[in-house]
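Here the structure comes first, spelled out in structure tokens, and everything after it is commentary.
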2 protein chains.
Amino acid sequence: MPELIPKDELLLREILEAARELFSKHGLKKTTMDDVARAVGKGKSSLYYYYTGKTELFEAVVQDELKKIVKNIRIAINEESSSTGKLKAFLLLRLQLKERMHNLSQVIHDDIFDNFKEICRIRAEFETIQIEIIREIVSGGVQSGEFREMPADEIGFFSSWTIAAFGGLELPLSTTPLLIADKSSLDKIVDFILFGIGK
Amino acid sequence: MPELIPKDELLLREILEAARELFSKHGLKKTTMDDVARAVGKGKSSLYYYYTGKTELFEAVVQDELKKIVKNIRIAINEESSSTGKLKAFLLLRLQLKERMHNLSQVIHDDIFDNFKEICRIRAEFETIQIEIIREIVSGGVQSGEFREMPADEIGFFSSWTIAAFGGLELPLSTTPLLIADKSSLDKIVDFILFGIGK
DNA sequence: CTTTCGACTACAATACAAAATTAGTCGAAA
DNA sequence: TTTCGACTAATTTTGTATTGTAGTCGAAAG
């Protein structure tokens, strides 16, 4: 296996890490490019050699975070063999994420409305990915005979609905005090999803 | 039937109506007590004879709106005989409400973070009521044999979950472009709730 | 006794100019 | 190719004067 990471690629990541830490600690506005530069031990101008601007850097950070999350989700799903297990794994991770976001939210607070559109765009993108994942899980479950037969559009509809229900990238406004946190309640939810409340 | 509305009760309502109209048109901050007073053809000081302050007036308006909504929901539910029908009726109204709120949201926008706590409190209260309604519906359905047997705590859990999913008082941040609007898709959702996707 | 209002105050929002930060550029140098 | 110091334009912050508004009170009208 040849070295996959060229030198500059390494610095690119180093900047990203430093920016992530600072952004999530002080928020977007209160983090200056100088701060980031100092954190990686470089001059401010140098950053502009790697990223075209503060906005691009911020977007890169968020995108990277989302990629990590999606990766974790995919790993967890692959470790489960049954579709039901996959569904549970997905929802569990999704809820943990919600919790993490909840903690982060204090900081962002002010930045939210300034970068409203941008955040919406990213959020929408993330939702699309999640819907796709659910669709895969359910399709798999139908094919393997674990779930009942469903036409493609019904699967799509179910996926969208589930994500709508569990929230996309939750903004820091959820008053509901994290209703569902433990694994046992998650089991109940999956039971509802699987068998409903009908007779 | 004797006259249920004393004189001052009438003026109380008149002020409430005027305030509601102004608040929802210009938002909380941009609506002055003078505006409200002018709208009812009285001096500003007079308002303080009926409401102790601007905050109380605002809360009264919101509370009144919520009461109206709850009333509508209860009426719609009573018109349905089956529990399934009741459930559908509830969710349909809940979605229409979401849509209405969505339109209103442009105006509030700025006021939200100022009155964050207050809004949260009201929202929480509304959620409690909704959960109670769902619980009633499901309990009824279980008793009548329309739904499967469920212990009380499971019904409570299901109710909370449904409301969490459908959102309490939606704050104007839903990017999902009102995924579910028509009655046919609602039928599908209720099917999911009733029978799930399991085999 | 109930209800209205004008005059008043204290406080909060606004406006605006001066001062300070900071995003982003550029040419030079390592 | 990569780094940086010096620079500028633009934005944020700050201090202050001004206005606007919530809320009070005592008097008066019904």
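All of the numbers you see were taken from the coordinates with simple rules; none came from a lab. All figures in this text were calculated on a predicted structure; none of them were measured in a lab. Using ideal geometry, Cβ is built from the backbone for each residue, glycine included, and neighbour counts are taken over all protein chains shown.
Within the stretch A:42-89, the set of residues being over 23 Å from A:Ala124 (Cβ atoms), free of Cβ contacts under 8 Å to residues at least 24 places away in the same chain and away from DNA strand D (no atom under 16 Å from the Cβ) comprises A:Ile75, A:Ala76, A:Asn78, A:Glu79, A:Glu80, A:Ser81, A:Gly85, A:Ala89. Any idea how many residues of the stretch A:40-71 are within 15 Å of DNA strand C (Cβ to nearest atom) and either within 14 Å of another protein chain (Cβ to nearest Cβ) or closer than 13 Å to A:Arg13 by Cβ (or both)? So the answer is 6. The residue that is nearest to DNA strand C (Cβ to nearest atom), counting only those in the stretch B:11-34 that are crowded, with 17+ Cβ neighbours inside 10 Å, part of a helix (DSSP H, G or I) and not basic (Lys, Arg), is B:Ile15.
Scanning the stretch B:35-45 for residues that are more than 21 Å from B:Lys68 (Cβ to Cβ), of a type outside the set (Ser, Thr, Tyr) and surrounded by fewer than 18 Cβ atoms within 10 Å (Cβ to Cβ) yields B:Asp35, B:Arg38, B:Gly41, B:Lys42, B:Gly43, B:Lys44.
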